[in-house]
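Below you'll find the structure, written out as structure tokens, and then a few comments.
The values are calculated or read from the model by the stated rules, or taken from the named source; none is laboratory data. For clarity, every value in this text was computed on a predicted model and none was experimentally measured. Positions of Cβ are generated from backbone atoms using ideal geometry, with glycine treated the same way; all protein chains shown enter the neighbour counts. Quick note on the areas: whole protein, heavy atoms, side chains included, nothing else; ligands and nucleic acids left out. Shrake-Rupley method; radii C 1.70, N 1.55, O 1.52, S 1.80 Å.
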Amino acid sequence: MIGRHHARILQSAGSDAFAGAVDPGGDRFGALHDPALLFGSIDELLERSKPDFAVVAVPTEEHLPAVEQLAAAGVHVLVEKPLAATADEAREIIAAVDRAGVRGAVGHVERYNPALLAARERIGELGELISIATERKGPFPARIKDVGVVKDLATHDLDLVRWIGASPVEAVAAQCSHRMGREHEDLVLATGRLASGVTFNSQVDWLTPMKSRSTRILGERGMLLANTLTGDLTLYENADRPIEWAATQQLRGVSEGNAIRFALDRREPLVVEHEAFRAYVAGDDGAPVVPLEAGLETVVTAEAVLESARTGETVRLTPA
Ligand SMILES: NC(=O)c1ccc[n+]([C@@H]2O[C@H](COP(=O)([O-])OP(=O)(O)OC[C@H]3O[C@@H](n4cnc5c(N)ncnc54)[C@H](O)[C@@H]3O)[C@@H](O)[C@H]2O)c1
């Protein structure tokens, strides 16, 4: 599903640069311009040529063996999110990349969404941050087999809250539902706190008959609302009424001020992610890739969410 989009972007960079795609199931979406560049295994691809880098977009449970093989062959790796199905596997991925001396990053593509990039630039306008709320709901995509909604989808949110809040997750509490008769959960409501004191909540499911993707960032001076489906960003300002507030100090609260919807340059997030990774592979240490360690932190947080849902207890995370 996502591999065909990576293939489209890699092929658009010039056919000379595209070493090929690996999928034992074949090219189900007709993604390749040249069918001769489809390989049934990583071994077959590596026998033909050694690419500079690879995008690992196989099912989550297959990330580790694919990364181990590619890294050992000296290939840099951009690994789809979530980095791995478990925190232990994520650690093994980091170890494999370090051992091989190649470069790695994780494809948390929401960090390249134009609405969230613009929100992050404007976050200072909100004054002190209070809370971050994310919503990611919609119907079940029949493709996912190996993980539940927490690891497949909520990992976007558990990465975003830390990135936007610029602070690690300190504690989480969560509830999950299993409605579809699968082994894994299909709905999660998670609340938590970052080490900075900012609170967050994330509502994520595969049960809602319409797709919604939003992030609300609330601060002492207003709120930013990002719609990451449409790439829209709106700033809702608190009204500035200092004189009346001074008179009713004990009732001080916010009232509605101006709302500004920003005109954004809406570039495709996956293209921006590829550009960042190419720059990183070319030696730019400051390129805005998502480090593998951040991918691990997200999987650790997802496991804490699942533990909380299982035990009914708030789970505290120890700093990495
Ligand atoms: N960034 C995003 O927004 C996003 C979106 C969707 C999926 N993903 C992630 O991308 C990964 C793939 O998800 P998907 O929805 O595209 O899955 P998918 O099931 O549609 O595709 C996975 C493909 O990998 C192939 N495959 C299986 N084992 C392989 C192996 N060992 N070597 C090579 N190919 C192999 C399968 O034949 C299949 O075609 C998952 O980790 C998922 O979480 C990320």
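Brief remarks follow.
- Qualifying positions in the range 253-274 - open to solvent by 60 Å² or more (accessible area, probe 1.4 Å) and either part of a loop (DSSP other than H, G, I, E, B) or at pLDDT 95 or above (or both): 254, 259, 260, 261, 263, 265, 266, 267, 268
- Counted residues, the range 89-144 - those being in a helix (DSSP H, G or I), within 19 Å of the chain's Cα centre (by Cα) and under 15 Å from residue 63 (Cα atoms): 5
- Any hit, the range 122-142, residues being aliphatic (A, V, I, L, M), open to solvent by 10 Å² or more (accessible area, probe 1.4 Å) and at pLDDT below 95: yes
- Restricting 202, 214, 196 to those that are open to solvent by 20 Å² or more (accessible area, probe 1.4 Å), small (Gly, Ala, Ser) and under 26 Å from residue 147 (Cα atoms) reduces the list to 214.
- Yes/no for residue 27 being near the ligand (Cβ under 7 Å from one of its atoms) and either closer than 18 Å to residue 277 by Cα or modelled with pLDDT of 95 or more (or both): no
- Some residue of the range 60-73 being touching a Ser or Thr at 6+ places or on another chain (Cβ under 6 Å), among the polar types (S, T, N, Q) and at pLDDT 95 or above: no
- Residue that is surrounded by the most Cβ atoms within 10 Å (Cβ to Cβ) [pool: residues in the range 72-116 that are without any contact (Cβ under 8 Å) to a residue 60 or more places away in the chain and small (Gly, Ala, Ser)]: 96
- Pairs with Cβ under 7 Å, 6+ apart, first in the range 172-183 and within 27 Å of residue 132 (Cβ to Cβ), second among the charged types (D, E, K, R): 176/185; 177/185; 177/186; 178/185; 178/186; 179/186
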